[in-house]
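Heads up: the structure comes next, in structure tokens.
The values are calculated or read from the model by the stated rules, or taken from the named source; none is laboratory data. Keep in mind it's a predicted model, so treat the numbers as computed, not measured. Cβ placement follows ideal geometry from the backbone for every residue including glycine, while neighbour counts extend to all protein chains displayed. These accessible areas exclude ligands, DNA and RNA; they are computed on the full protein's heavy atoms, side chains included. Shrake-Rupley method; radii C 1.70, N 1.55, O 1.52, S 1.80 Å.
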Amino acid sequence: MKILAIETSCDETAAAIIEDGCHIISNVVASQIPLHQKTGGVVPEVASRAHIEKIILVINEALLRPDRNPEHSGLIEVRSQSNIDAIAVTVGPGLIGSLLIGVNTAKALAWAWQKPLIPVNHLEAHLYANWLSSLVSRLSSVPTFPCLHLLVSGGHTMLIWQEDHGKLKVVGQTRDDAAGEAFDKTARLLGLPYPGGPELSKLAQKGNPKAYNFPRAMLNQNNFDFSFSGLKTSVRASLLDLSNLSNLSDLSASVEQAIVDALVEKSIRAVRQLKPKSFALSGGVSANRVLRETIKNEIGKIIGAQNIFIPPIEFCTDNAAMVGAAAAFYNPNAIDPKKVLAKSDLTL
Ligand code: KG4
Ligand code: ZN
């Protein structure tokens, strides 16, 4: 079973071909980062227009790229619509103009090629980055249920309890800013270019994470929720002291540590109370080195390192491979190609 997956929920135009749920045949991501650097953030209209320019090129590239599954090495495969069994597309949450480009392209292809269309939730797709693999040997090693997910992206921060495919419950979430937003907004205060998260993290490598004591909010509350908006205010206040400007590395390392501490502390509590069989990290912020290492060490101590799942960096930030995996494992709402053009509620 081969799925062509499409992702355009924010500022990456992406397409991938996924076989049997977790094997990546091809994965193409056209990033819009240079475009949004000029404005220091994503302008939705600019993002939508860039998706329009790139979407067909990216899908063609996904169809043409050499097969990266090592089991198929040496095989020359002619890939076309006749080899594709279904089309999956992100239908939300995301920027509405960006989503519309992916959804309408997917609808048009599903109708023209007469393939079923599988709508996929972007947050569920992030979780399924942990089921992806281009290596057959990893097949035996996918998260076992019940699994506790820490999903940390630019728009969301959630602890999600997963009993089975399709059985998900949010057990904790941010009350205000997402973890990625906290990275991006504090990075902007420090004058770093967009996207701030990876830039701040780079600077932090040379800094002292104990130099500044930034707030770890809500740790005294008996729940699994987060809050990051106070962090921004605290960073802004410390910047009023101009001598701090020379300590950008220390400031960055201290911000990074405050975010990681809050995420890890609530995750530890959730693991202790809910006792999952596995723990999985996902979303753009899971590319953060300090977060990856702390989760591996601290949660690993409680449930065993073999039960911790963290996607390769390539699949942390937005991509279509994770959309294909989500569609392969759970697709109760697949739409008949004959009815696809009549479906008007796909981006809700
Ligand atoms: O999942 P994602 O690609 O898009 C959304 O669905 O939001 O996440 C993007 C977020 C951005 O806030 C970005 O700054 C953050 O992930 N991010 C990082 C790192 N790489 C990406 N944050 C901290 N450290 C990183 N290395
Ligand atoms: Zn995302």
Quick one: in the chain, what % of C-alpha pairs are over 28 Å apart?
44 percent
Largest first and rounded to whole Å, the semi-axes √(5λ) derived from the alpha carbon gyration tensor of the stretch 142-310 read 29, 15, 14
Protection proxy (average C-beta count within 10 Å per residue), highest first, orders 230-237, 275-282 as 275-282, 230-237
Counting only DSSP beta bridges with both partners in the stretch 142-310, the antiparallel fraction in percent, to the nearest 5, comes to 60 percent
Which pairs, out of Lys54/Lys202; Lys266/Lys301; Lys169/Lys202, put more than 22 Å between their alpha-carbon atoms?
Lys54/Lys202; Lys169/Lys202
Which value, in Å to one decimal place, does the Kirkwood hydrodynamic radius take for the stretch 233-348 when every pair of different Cα atoms is included?
17.8 Å
Is it possible to state the helix-based mean residue ellipticity at 222 nm for the chain, with each DSSP H run of 4+ residues giving -39500 (n - 2.57), the sum divided by total residues, to the nearest 500 deg cm²/dmol? What is it?
-12000 deg cm²/dmol
Between Arg269 and Leu189, the FRET efficiency computed from the C-beta separation at R0 = 30 Å comes out, to the nearest 0.05, as 0.55
What ranking, highest mean first, results for peptides 283-293, 259-269, 147-157, 302-312 when packing means the other Cβ atoms within 10 Å averaged over each residue?
147-157, 283-293, 259-269, 302-312
Across Lys210/Lys277; Lys115/Lys167; Lys185/Lys206; Lys210/Lys275, pairs whose alpha-carbon gap is larger than 22 Å
Lys210/Lys277; Lys115/Lys167; Lys210/Lys275
Just order 333-339, 246-252 by mean Cβ neighbour count inside 10 Å, highest at the front, would you?
246-252, 333-339
Using a 1.4 Å probe on the protein heavy atoms, what percent of the accessible area of the stretch 230-339 belongs to carbon and sulfur?
52 percent
Which value, in Å², gives the accessible area per residue of the chain when a 1.4 Å probe is used on the protein heavy atoms?
43 Å²
